[in-house]
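Engineer: Quick one: this structure, given as structure tokens, is what I'll be asking you about.
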Amino acid sequence: MKNTNLSIEFRYEAPGAKQVALVGDFTNWNEQPILLRRTRNGTWSKKVALPRGRHQYRYQVDGYWQDDPSCARRTPNPFGTENCIVEVD
């Protein structure tokens, strides 16, 4: 059977952060966060293989929930904020 996952790069600018984690419906939110790697210029990034479809996500920066400022597609969540949306075609 053909693998339908595609590699998506997530990036977050946080030069002063000690840790940036990606959480979403594909990580069972907080159950399996994906830690991003910091580059010299303070950008955090990680390539993640995701199945095709629509996925919701947010970042946790030093333990605080943060939006992805580069993501224009969002949907309200039950906590009064919004989740970011990535479409994997």
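The values are calculated or read from the model by the stated rules, or taken from the named source; none is laboratory data. Keep in mind the model is a prediction, meaning the values are calculated, not measured. Using ideal geometry, Cβ is built from the backbone for each residue, glycine included, and neighbour counts are taken over all protein chains shown.
Engineer: Conditions first: (1) surrounded by 11 or more Cβ atoms within 10 Å (Cβ to Cβ); (2) out of contact with any strand residue (DSSP E or B) (no Cβ under 9 Å at 6 or more places or on another chain). TYR64 passes all but one, so which condition is the exception?
Structural biologist: Unmet for TYR64, out of (1) surrounded by 11 or more Cβ atoms within 10 Å (Cβ to Cβ); (2) out of contact with any strand residue (DSSP E or B) (no Cβ under 9 Å at 6 or more places or on another chain): (1).
Engineer: Inspect all residues belonging to region 37-50 and state whether any of them is part of a loop (DSSP other than H, G, I, E, B), more than 15 Å from ASN83 (Cβ to Cβ) and modelled with pLDDT of 95 or more.
Structural biologist: Taking every residue of region 37-50 in turn, none turns out to be part of a loop (DSSP other than H, G, I, E, B), more than 15 Å from ASN83 (Cβ to Cβ) and modelled with pLDDT of 95 or more.
Engineer: Taking region 1-36 as the search range and keeping residues that are among the charged types (D, E, K, R) and either assigned to a loop (DSSP other than H, G, I, E, B) or under 13 Å from VAL86 (Cβ atoms) (or both), which one is farthest from the chain's Cα centre (by Cα)?
Structural biologist: LYS2
Engineer: Right, here's the next one. For region 35-53, which residues satisfy the criterion of being of a type outside the set (Lys, Arg) and in contact (Cβ under 8 Å) with a residue 40 or more places away in the chain?
Structural biologist: Matches in region 35-53: VAL48, ALA49, LEU50, PRO51.
Engineer: How many residues does region 26-50 contain that are over 19 Å from SER70 (Cα atoms) and out of contact with any Leu (no Cβ under 8 Å at 6 or more places or on another chain)?
Structural biologist: Of the residues in region 26-50, 7 are over 19 Å from SER70 (Cα atoms) and out of contact with any Leu (no Cβ under 8 Å at 6 or more places or on another chain).
Engineer: Restricting to region 51-70, name every residue that is under 17 Å from LEU6 (Cβ atoms) and not in a strand (DSSP E or B).
Structural biologist: Passing the criteria: PRO51, ARG52.
Engineer: Additional query: Can you tell which of GLN19, GLN32, GLN56 is under 26 Å from PHE79 (Cα atoms), surrounded by fewer than 16 Cβ atoms within 10 Å (Cβ to Cβ) and in contact (Cβ under 8 Å) with a residue 24 or more places away in the chain?
Structural biologist: None of the other options fit; the residue is GLN19.
Engineer: Exactly one condition in (1) among the hydrophobic types (A, V, I, L, M, F, W, C); (2) touching a helix residue (DSSP H, G or I) at 6+ places or on another chain (Cβ under 6 Å); (3) exposed (fewer than 15 other Cβ atoms within 10 Å of the Cβ) is not met by ALA49; state its number.
Structural biologist: (2)
Engineer: Name every residue in region 74-89 that is in a loop (DSSP other than H, G, I, E, B) and closer than 18 Å to PRO51 by Cβ, in order of residue number.
Structural biologist: ASP89
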